[in-house]
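Everything below concerns the one structure shown next.
The values are calculated or read from the model by the stated rules, or taken from the named source; none is laboratory data. Everything numeric here is computed off the predicted structure, so don't read it as measured data. When we count neighbours, we look across all protein chains shown, and the Cβ atoms used for this are built from the backbone with ideal geometry, even at glycine.
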Amino acid sequence: MSNKESKTLSKFPLPRLKLLDSSLRISAIPLSVASLWLTVTNREDNSDYGSLVFSNFIGLKYMVFIAAIASGYALLAILSSWVRCFVLKAWVYFVSDQVMAYLMVTSGAAVMETLYLAYKGDVEITWSEACNSYGRFCSKLKMALILHFLALCCFLALAVISAYRAFSLFEPPVPINQAEEERT
């Protein structure tokens, strides 16, 4: 690390930032696991329409898959954050936190679409409202979506922190006017 980089890094409160980073990663684990658990164990039987389980919906299966990846990634990131052997760790975290945040957004959107259709139905394809008959299923699904959204907020904050860490290693770009003045 050059002298300029060490001066730049010394300006920022990195120990507090590392504590916030670790806290957010630790918080994301139980939120993701709880969302996953609520979704997987969500089941309701109706004497008129039969049984409804999460595996009937591709969007819910996708959210379960992403929640499992999110909790595993957060745990791995916490463990690796205390290991000093990674040379380009800031960039690895930057890319993986961005990807994780985007995956969480897409899986949350898939569940929101499923919930919307369960509450409103779709007249054009003759899909009726399911939450009138499966109220407990929809309530648990709403709670899982809220927990998933909270985990998403953790990953969005982590994406901002990792971007700050990765890009604070460099000097800011010099404006064109100032660069021309320095050349002359």
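Taking each residue of the stretch 144-165 that is more than 21 Å from T114 (Cβ to Cβ) and looking for partners that are among the polar types (S, T, N, Q) with beta-carbon atoms closer than 6 Å, six or more apart or interchain, yields C154/S27; A159/Q98. Here E113 passes the criteria (1) surrounded by 14 or more Cβ atoms within 10 Å (Cβ to Cβ); (2) within 21 Å of the chain's Cα centre (by Cα); (3) at pLDDT below 90 except the one numbered (1).
Candidates in the stretch 69-94 are the residues that are among the aliphatic types (A, V, I, L, M) and surrounded by 15 or more Cβ atoms within 10 Å (Cβ to Cβ); of these, the one that is nearest to L20 (Cα to Cα) is I78.
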